[in-house]
1. Criterion first (closer than 25 Å to residue 2 by Cα, more than 13 Å from ligand 1 (Cβ to nearest atom) and surrounded by fewer than 22 Cβ atoms within 10 Å (Cβ to Cβ)) does residue 139 satisfy it?
2. Looking at this structure, is residue 159 touching a helix residue (DSSP H, G or I) at 6+ places or on another chain (Cβ under 7 Å) and within 10 Å of ligand 1 (Cβ to nearest atom)?
3. Tally time: how many residues in the stretch 54-83 are in a helix (DSSP H, G or I), surrounded by 13 or more Cβ atoms within 10 Å (Cβ to Cβ) and at pLDDT 95 or above?
4. So, in the stretch 243-255, how many residues would count as being in a loop (DSSP other than H, G, I, E, B) and either touching a strand residue (DSSP E or B) at 6+ places or on another chain (Cβ under 7 Å) or surrounded by fewer than 18 Cβ atoms within 10 Å (Cβ to Cβ) (or both)?
5. Among the candidates 240, 258, 203, which residue alone is part of a loop (DSSP other than H, G, I, E, B) and modelled with pLDDT of 95 or more?
6. So for the stretch 57-65 (the condition being touching a helix residue (DSSP H, G or I) at 6+ places or on another chain (Cβ under 6 Å) and either within 20 Å of residue 112 (Cα to Cα) or away from ligand 1 (no atom under 16 Å from the Cβ) (or both)), does at least one residue qualify?
7. List the pairs whose first member sits in the stretch 219-235 and is free of Cβ contacts under 8 Å to residues at least 40 places away in the same chain and assigned by TED's automatic domain parsing to the domain that holds residue 202, whose second member is buried (at least 20 other Cβ atoms within 10 Å of the Cβ) and part of a loop (DSSP other than H, G, I, E, B), and whose Cβ atoms are under 7 Å apart, counting only residues at least 6 apart or on separate chains?
8. Can you tell me which residues in the stretch 183-209 are closer than 11 Å to residue 155 by Cα and over 12 Å from the mean Cα position of the chain (by Cα)?
Ligand code: ATP
Ligand code: MG
């Protein structure tokens with residue numbers, strides 16, 4: 001058995017010892033059958049949340065009302081979720097072994113897609129009530145039950161279906177696509193935060209091009225922030241080589257570049273992206289625009305960008321216009337950045353105090369403006385970055401400054 005499952009095995013054993021049923025479920029079972037790298041190992045059990053909390057030393061209550069408790073085992077968090085309770089009444093009337101089977105089956109039945117609705121027992125045997133294995137073999141994403149019903153219950157599943165197309169390079173059956181088209185409007189009621197998780201996964205997947213085409217074909221774009229009426233832009237976006245990108249910031253820079261929103265900031269905020277990411281993407285989009293307007297990297301531009309944004313935007317620029325030179329372009333940017341006389345204001349070989357002394361003027365906002373001038377002069381090689389050169393330069397320019405400040 002895969003080591004991720006083995007690491008979680010003591011949790012299942014403990015639940016078994018206390019008389020509960022417990023299985024590995026969901027994405028990890030799918031991924032092991034696909035030979036993909038396993039993400040989180042999730043566990044489903046007949047134990048109730050309170051019972052799970054009592055059994056394990058370290059637990060985090062993330063949503064006991066939905067039946068989910070996080071169990072920390074050797075510092076790894078596992079979602080342990082109670083079989084759904086709708087079937088309790090049925091269980092009550094049946095012998096316990098059948099009751100357990102019914103419970104697990106009910107639990108798997110509420111899951112979104114057949115490939116996500118398999119379980120694995122502690123011995124590695126697969127439990128597959130809904131032909132998930134067949135769909136894995138046929139590379140098909142199908143809902144457990146009628147797609148229309150399942151998308152009506154939770155419209156996020158529409159986006160999940162499409163992001164699994166991207167991640168797994170699977171297809172959607174015709175009736176799934178038509179159900180998506182019919183129910184896409186229900187995405188209006190889904191929170192942006194939940195949509196963002198799926199969209200982020202979509203852009204990190206292998207088959208994002210197919211997935212983006214499905215967003216268009218399924219009329220889903222109209223229910224994604226800033227994507228409405230942007231079919232042509234999304235089509236072009238789908239042809240970009242996302243696989244060469246390194247960070248989420250780069251992905252969102254490319255998305256923004258192609259979508260061309262009226263306001264970059266509003267677009268990024270409408271996706272509820274973290275403020276720090278928004279700031280970086282705004283900067284990258286601005287830099288990229290300048291680079292694409294054929295402005296080469298100058299010392300000042302590199303300095304303003306900082307190394308991370310400089311490399312990110314150069315990577316994107318190269319992928320847009322000149323992808324065979326990507327590596328050498330990045331190398332050039334790195335070395336040009338390395339050759340900058342300063343990389344930060346704090347690298348300037350003088351202080352505000354000294355400037356005030358040289359200029360014999362009372363402190364004020366002029367000092368910061370002056371530092372900006374010094375910064376610019378150093379970066380454009382008009383001034384050497386050493387204390388006495390700066391002093392001399394300041395004194396010789398004194399007259400100019402008298403006029404300007
Ligand atoms: P990933 O590898 O990206 O984490 P995953 O399949 O594990 O994919 P999760 O969002 O972690 O996806 O969900 C875990 C499991 O919970 C799924 O495999 C599925 O069985 C179930 N699930 C998640 N979201 C839904 C939903 N909206 N409706 C029904 N079942 C869901
Ligand atoms: Mg998961």
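1. Numbers: closer than 25 Å to residue 2 by Cα: yes; more than 13 Å from ligand 1 (Cβ to nearest atom): yes; surrounded by fewer than 22 Cβ atoms within 10 Å (Cβ to Cβ): yes.
Criteria met by residue 139.
2. Numbers: touching a helix residue (DSSP H, G or I) at 6+ places or on another chain (Cβ under 7 Å): yes; within 10 Å of ligand 1 (Cβ to nearest atom): yes.
Here the answer is yes, as residue 159 does meet what is asked.
3. 1
4. Our first condition is that a residue be in a loop (DSSP other than H, G, I, E, B); within the stretch 243-255, this holds for 245-247.
Within this subset, residues satisfying the condition of being either touching a strand residue (DSSP E or B) at 6+ places or on another chain (Cβ under 7 Å) or surrounded by fewer than 18 Cβ atoms within 10 Å (Cβ to Cβ) (or both) are 246-247.
Counting residues in the stretch 243-255 that are in a loop (DSSP other than H, G, I, E, B) and either touching a strand residue (DSSP E or B) at 6+ places or on another chain (Cβ under 7 Å) or surrounded by fewer than 18 Cβ atoms within 10 Å (Cβ to Cβ) (or both) gives 2.
5. 240 is the lone residue from the list that is part of a loop (DSSP other than H, G, I, E, B) and modelled with pLDDT of 95 or more.
6. Scanning the stretch 57-65 turns up at least one residue that is touching a helix residue (DSSP H, G or I) at 6+ places or on another chain (Cβ under 6 Å) and either within 20 Å of residue 112 (Cα to Cα) or away from ligand 1 (no atom under 16 Å from the Cβ) (or both).
7. 221/227; 234/227
8. Residues of the stretch 183-209 closer than 11 Å to residue 155 by Cα: 183-191, 194-195.
Result: 183, 184, 185, 186, 187, 188, 189, 190, 191.
The values are calculated or read from the model by the stated rules, or taken from the named source; none is laboratory data. Bear in mind the structure is a predicted one, so any value in this text is a computation, not a measurement. Cβ atoms come from the backbone with ideal geometry, glycine included; neighbour counts cover every protein chain shown.
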